[in-house]
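Here the structure comes first, spelled out in structure tokens, and everything after it is commentary.
The values are calculated or read from the model by the stated rules, or taken from the named source; none is laboratory data. Values in this document were obtained by computation on a predicted structure and should not be read as measured data. Note that each Cβ is placed from the backbone with ideal geometry, even for glycine, and that neighbours are counted across all protein chains shown.
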């Protein structure tokens with residue numbers, strides 16, 4: 001529920017790579033950030049800056065894409081063409097988180113009553 005997800009983001013680049021530190025991926029000409037970054041707001045802005053996010057599961061999940069996989073790194077562009085963007089996913093996930101928070105709060109109130 002990070003507030004940065006509520007900020008309007010401008011897509012300024014075609015592709016970024018959010019690389020797993022233990023399985024690094026470098027793609028010539030593609031900006032890369034590793035999943036060791038500790039500033040969540042900076043990571044969210046980085047992911048939101050691109051039309052497509054490649055590599056880690058978390059990055060693609062946060063970017064709200066249905067990922068497509070490839071076995072060889074040189075096949076990433078073909079896999080990208082099979083990827084489906086889900087722009088409504090962020091709102092749906094946030095609504096589900098809010099609904100879950102209400103259920104937990106109700107249960108805690110009942111337990112404490």
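Annotations for the structure displayed:
- Remark: pairs (first residue in the range 34-47, free of Cβ contacts under 8 Å to residues at least 40 places away in the same chain; second residue exposed (fewer than 13 other Cβ atoms within 10 Å of the Cβ) and outside any helix (DSSP H, G or I); Cβ separation under 6 Å; 6+ apart in sequence or on different chains) = 34/21; 35/21; 36/21; 40/2; 43/37.
- Residue 11 at pLDDT 90 or above and more than 13 Å from the chain's Cα centre (by Cα): yes
- Only one of the numbered conditions (1) at pLDDT 80 or above; (2) out of contact with any strand residue (DSSP E or B) (no Cβ under 9 Å at 6 or more places or on another chain) is violated by residue 75, and that is (1).
- Some residue of the range 89-107 being out of contact with any strand residue (DSSP E or B) (no Cβ under 8 Å at 6 or more places or on another chain) and part of a loop (DSSP other than H, G, I, E, B): no
- Candidate set: the range 31-63, residues that are surrounded by 18 or more Cβ atoms within 10 Å (Cβ to Cβ) and in a loop (DSSP other than H, G, I, E, B); chosen: the one modelled with the lowest pLDDT: 56
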